[in-house]
1. Checking F87 against (1) at pLDDT 90 or above; (2) open to solvent by 50 Å² or more (accessible area, probe 1.4 Å): exactly one of these is not met. Which one?
2. Tell me whether region 192-199 contains one or more residues that are surrounded by 20 or more Cβ atoms within 10 Å (Cβ to Cβ), closer than 18 Å to G251 by Cα and of a type in the set (V, I, T).
3. Determine the pairs where a residue that is modelled with pLDDT of 85 or more, located within region 27-48, has a partner that is part of a loop (DSSP other than H, G, I, E, B) and not hydroxyl-bearing (S, T, Y) with Cβ atoms under 6 Å apart, the partner being 6 or more residues away or on another chain.
4. So which residues in region 1-29 are assigned to a helix (DSSP H, G or I), more than 14 Å from Q45 (Cβ to Cβ) and charged (D, E, K, R)?
5. Taking the stated definitions as given, is G188 surrounded by fewer than 18 Cβ atoms within 10 Å (Cβ to Cβ) and under 22 Å from A117 (Cα atoms)?
6. Looking only at residues that are open to solvent by less than 20 Å² (accessible area, probe 1.4 Å) and over 11 Å from the mean Cα position of the chain (by Cα) in region 138-152, which one is farthest from N242 (Cα to Cα)?
7. Between L261, L229, L155, L168, which is closer than 30 Å to L52 by Cβ, surrounded by fewer than 13 Cβ atoms within 10 Å (Cβ to Cβ), hydrophobic (A, V, I, L, M, F, W, C) and out of contact with any strand residue (DSSP E or B) (no Cβ under 7 Å at 6 or more places or on another chain)?
8. Pairs please, first residue from region 162-181 and in contact (Cβ under 8 Å) with a residue 24 or more places away in the chain, second anywhere and among the charged types (D, E, K, R) and assigned to a helix (DSSP H, G or I), Cβ atoms under 6 Å, 6+ apart in sequence or on different chains.
Amino acid sequence: MMHKFVEFQSAKAALLFADYCKTQGLQVLVEQHGQASALLAPAEQIPQLQTLLEQFLQDPAHPRYQAAAWQQSNIVTTSVASGSVPFAVLWRAPLTSILLLLTIAVYLWQQLDFAGANAALQLTQPAQFWRWLTPIVLHFSLTHLVFNLCWWVLLGHKIEQQTNSANLLQLALSSAVISNGLQLALAGPNFGGLSGVVYALFGYCWLYDKLKGTQFYPVTNGLAAFMVLWLALGFMDVLWVNMANWAHLGGLLCGLGWAWLSKGVRPT
């Protein structure tokens, strides 16, 4: 016998939560009552459903729920678009927020003392270990800064919520060291930017979804192809901007590597 355990005023939210419950092996029915949607389930499953419901209400925009909708072939568009990151939820992604604020602060420092900021943070003295990381917070134009931070917030936020902060941290740190080191070895120390890490996030998100058969991350095949084309054009030196091409390549390979290593890890 089915019992009502919750009622949603939003039909979309009800369907999204019901689809997620079904992927967890639970029986859930959705009944429409005027403008409200009631969810029904067997009495013995209601305690487990209540726990899942509390998690859902805390963060209904989490990628796990849209992924469940994909598995049920019932794509649901919530009030939070799949590609957007409302600032209200950034506090749930602390590493994403910290690097965002740090990068903005460094850019402001550059506007006040360009030479001093660059001298302190560029990879000019490899023996000082922090310099293997600090070039990622240096940006030499507002356009470069905004482009990188938009992708960092979008993809970093998704990775941090889908897995955890530790996973994003290891991805960011390793890709920073690899991309910065490769650029230093093959082109010299006069570079900066978060692009190497951003390329790592692109590679990780794209290959992760391919290997898992999921759609957790907003990196389509078309977008991935564009990023590879942009990388190739940078190496061909036909663009109107100077690019840290080796850093981009190193970051991309690092992200692909982490996705491959995580192919057997069950997502949270």
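1. F87 satisfies all of (1) at pLDDT 90 or above; (2) open to solvent by 50 Å² or more (accessible area, probe 1.4 Å) except (1).
2. Going residue by residue through region 192-199, those that are surrounded by 20 or more Cβ atoms within 10 Å (Cβ to Cβ) are 192-199.
With closer than 18 Å to G251 by Cα added as a condition, the list becomes 192-199.
Applying the additional criterion that residues be of a type in the set (V, I, T) yields 197-198.
Checked against the condition, which is being surrounded by 20 or more Cβ atoms within 10 Å (Cβ to Cβ), closer than 18 Å to G251 by Cα and of a type in the set (V, I, T), region 192-199 yields at least one hit.
3. These pairs meet every condition: L39/V28; A41/Q27; A41/V28; P42/Q27; Q45/L26.
4. The answer is K12, D19.
5. Details: surrounded by fewer than 18 Cβ atoms within 10 Å (Cβ to Cβ): yes; under 22 Å from A117 (Cα atoms): yes.
So G188 passes the test.
6. Going through region 138-152, the residues open to solvent by less than 20 Å² (accessible area, probe 1.4 Å) turn out to be 138-139, 145, 148-149, 152.
With the extra rule that they be over 11 Å from the mean Cα position of the chain (by Cα), the set shrinks to 138-139, 145, 148-149.
Details: L138: 14, H139: 12, L145: 14, N148: 15, L149: 18 Å.
Top of the filtered list is L149.
7. Numbers: L229 fails: closer than 30 Å to L52 by Cβ; L155 fails: surrounded by fewer than 13 Cβ atoms within 10 Å (Cβ to Cβ); L168 fails: surrounded by fewer than 13 Cβ atoms within 10 Å (Cβ to Cβ).
Within the list L261, L229, L155, L168, the selection yields L261.
8. Taking only residues 6 or more apart or on different chains, the pairs are L168/E160.
The values are calculated or read from the model by the stated rules, or taken from the named source; none is laboratory data. This is a predicted model, so every value here is computed, not measured. We place every Cβ from the backbone using ideal geometry, glycine too, and count neighbours over all the protein chains shown. The protein model used for the area step is the full one, side chains on, heavy atoms only, and it has no ligands, DNA or RNA in it. Shrake-Rupley method; radii C 1.70, N 1.55, O 1.52, S 1.80 Å.
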